[in-house]
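The values are calculated or read from the model by the stated rules, or taken from the named source; none is laboratory data. Fair warning: this is a prediction, and the values are worked out from it, not measured in the lab. Ideal geometry is used to build each Cβ from the backbone, glycine not excepted, and the neighbour counts take in all protein chains shown. Accessible surface areas use protein heavy atoms only, side chains included; no ligands, DNA or RNA. Shrake-Rupley method; radii C 1.70, N 1.55, O 1.52, S 1.80 Å.
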Amino acid sequence: MSSSAPLTLGTAGHIDHGKTALIRSLTGVDTDRLPQERSRGISIELGYAQLMLPSGRPLSVIDAPGHERFVRTMVAGATGIDMYLMTVAADDGVMPQTREHAAVLHALGIAAGVVAVTKSDLVDPELAMIEASELLPGAELVAVSARTGFGLDTLLSALDRVAAGLRGRALGTGAARLHIDRVFTIRGSGTVVTGTLWSGSVAGGAELVLFPAGRRVRVRGVQVHDCAVEEAAAGQRVALNLVGLAVDEIARGDVLADSDADLAPTYVIDASLEFGPGAREATHGERVQVHHGTRESPARLAWLGGRFWQLRLERELVPAAGDHVVIRQIAPPDTLGGGVVLDAHPRKHGPSREVLRRLERLARGERIEETDIAPAHEAPPPPEPLSASALSLEHRLRDAGLQPPLDTDLDADDLAALRAHDRIVRVGRNLHYHADVLADIRERVIGLAGRHDGTITVAQLRDELGTSRKFAQALLEHLDAEKVTIRRGDQHVLRRGAASNKRRGPAP
């Protein structure tokens, strides 16, 4: 362990639980720099400061907004941090954004941190401390008051202990990589970008590549917390003055990296995902928001089996294997979970036994050579003949009709074999229908919508099929993903041409 490697601390917590006031008391810096932030009394953008611990170790601080409307901003700031400072107000206790911020930290794999129970001069902090300990078990808790100064020295000592147990990114290997969170111009200097340096180091005069554009840029100067330095190390908040690049040619979410960083933009990611205990399960074909670094993109989720998913993006991201992503529900916005990038540049594919074996190997950290991967243009081998148990399962699913058993009650290998032969279709993460049954349901949905001016609701389909709401909803979500219908509020509208199109094969 190192006591000197740079680290970045990120704040988290519900709005009005005292994050900014606490950072001001600890550092003397008001991180609310915008006039509208000061007039409204809430943080809107990320704020920055430097905190000196009792041991002499400096921490770069990212102060994130706590309002539910700015969770995406909080995620952008949290992606580069090494440890957290969660605030829970003694008079409120754990609140909705406390829980969502904790979910974001968990999704990003950030386990080290301290909980500050603020406003402890107003009420007894005991109940809030109990709630916080249940939300973040293992975190050290400190009762504090930014107004009176109570507990601040204890808090600094706790942060010092946590920091002492962290190695720091500067001691690792890897090319320079910086995810940009601010872009602005300074008279006489030109374009300046800021971000947390994820890996490597950057010095004045360095030549970097801007992604996703792929453009080469040169660094004129480097600063760390407003102080010019010859070279900045990973784990620090960094400002780079760039040469020959106008401010409108670069934006938050772009990435600067060494030319040998082995990065490239991608629209497809294979990942291992985990969904939080308080969140609903994501479903195959669902449209979600994927956050990586300071960039985000809408995406479709394609379930590959177990904890493995393919993220099919609508906007380029620039990830590397081992990076974390956060998965959020689009409407209403909420954090579902997150996980780790296993392959940043896979071909588009569906589930198979070979895919699962490959992803398991990647999840274990094994290196897979290109020769182990079938070329995208190469036709897949024909599926193996169905076993007796697979044929038995097919009959069972056909006979189950409109209410098939959940996958948890079925053999995973037999399901994969039936999918390979196009005998069954995945309709939800844990639900398969026989292909013939689903084709009949599709025709009934088209007919039902035709009798209701081209629209259909979950309740109408439930009554039409005589099934439960759970199955009707899963079926309509599947048909939305298959572009037979499109959701508009509580209604699902029949797409133009859906009635004349032939049934497509199983969803990938």
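Candidates in region 252-270 are the residues that are within 20 Å of the chain's Cα centre (by Cα) and open to solvent by 30 Å² or more (accessible area, probe 1.4 Å); of these, the one that is farthest from residue 232 (Cα to Cα) is 267.
Scanning region 5-18 for residues that are closer than 15 Å to residue 74 by Cα and in contact with an Asp or Glu (Cβ under 6 Å, 6 or more places away or on another chain) returns 8, 11.
Restricting 449, 439, 459, 416 to those that are part of a helix (DSSP H, G or I) and within 30 Å of the chain's Cα centre (by Cα) reduces the list to 416. Restricting attention to region 331-344, the residues that are more than 17 Å from residue 273 (Cα to Cα) and touching a residue at least 24 places away in the same chain (Cβ under 8 Å) total 1. Scanning for something under 17 Å from the mean Cα position of the chain (by Cα) and part of a loop (DSSP other than H, G, I, E, B), does region 351-361 turn up at least one residue? No: zero hits.
State all residues of region 476-504 that are at pLDDT 80 or above, under 21 Å from residue 434 (Cβ atoms) and aliphatic (A, V, I, L, M); if no residue qualifies, say none. Matches in region 476-504: 476, 479, 484. Just to be sure, is residue 291 under 30 Å from residue 420 (Cβ atoms), in contact with a strand residue (DSSP E or B) (Cβ under 9 Å, 6 or more places away or on another chain) and either in a loop (DSSP other than H, G, I, E, B) or not hydrophobic (A, V, I, L, M, F, W, C) (or both)? No, not satisfied. Can you confirm whether residue 228 is free of Cβ contacts under 8 Å to residues at least 40 places away in the same chain, small (Gly, Ala, Ser), surrounded by fewer than 18 Cβ atoms within 10 Å (Cβ to Cβ) and in a strand (DSSP E or B)? Against the criterion (free of Cβ contacts under 8 Å to residues at least 40 places away in the same chain, small (Gly, Ala, Ser), surrounded by fewer than 18 Cβ atoms within 10 Å (Cβ to Cβ) and in a strand (DSSP E or B)), residue 228 qualifies.
Could you identify the single residue in 351, 346 that is out of contact with any Ser or Thr (no Cβ under 6 Å at 6 or more places or on another chain) and either surrounded by 22 or more Cβ atoms within 10 Å (Cβ to Cβ) or within 22 Å of residue 78 (Cβ to Cβ) (or both)?
Values: 346 fails: either surrounded by 22 or more Cβ atoms within 10 Å (Cβ to Cβ) or within 22 Å of residue 78 (Cβ to Cβ) (or both).
Selected residue: 351, the only one of 351, 346 that is out of contact with any Ser or Thr (no Cβ under 6 Å at 6 or more places or on another chain) and either surrounded by 22 or more Cβ atoms within 10 Å (Cβ to Cβ) or within 22 Å of residue 78 (Cβ to Cβ) (or both).
Among the strands (runs of 3 or more DSSP E) confined to region 161-203, the ones with at least 2 residues that are among the β-branched types (Val, Ile, Thr) and open to solvent by 40 Å² or more (accessible area, probe 1.4 Å) are located at 177-186. Quick one: in region 448-458, of everything that is at pLDDT below 85 and out of contact with any helix residue (DSSP H, G or I) (no Cβ under 8 Å at 6 or more places or on another chain), which residue is most open to solvent (accessible area, probe 1.4 Å)? Only one residue tops the list, namely 453. Taking the criterion of being open to solvent by 50 Å² or more (accessible area, probe 1.4 Å) and either among the aliphatic types (A, V, I, L, M) or touching a strand residue (DSSP E or B) at 6+ places or on another chain (Cβ under 7 Å) (or both), the residues of region 132-156 that qualify are 140, 154.
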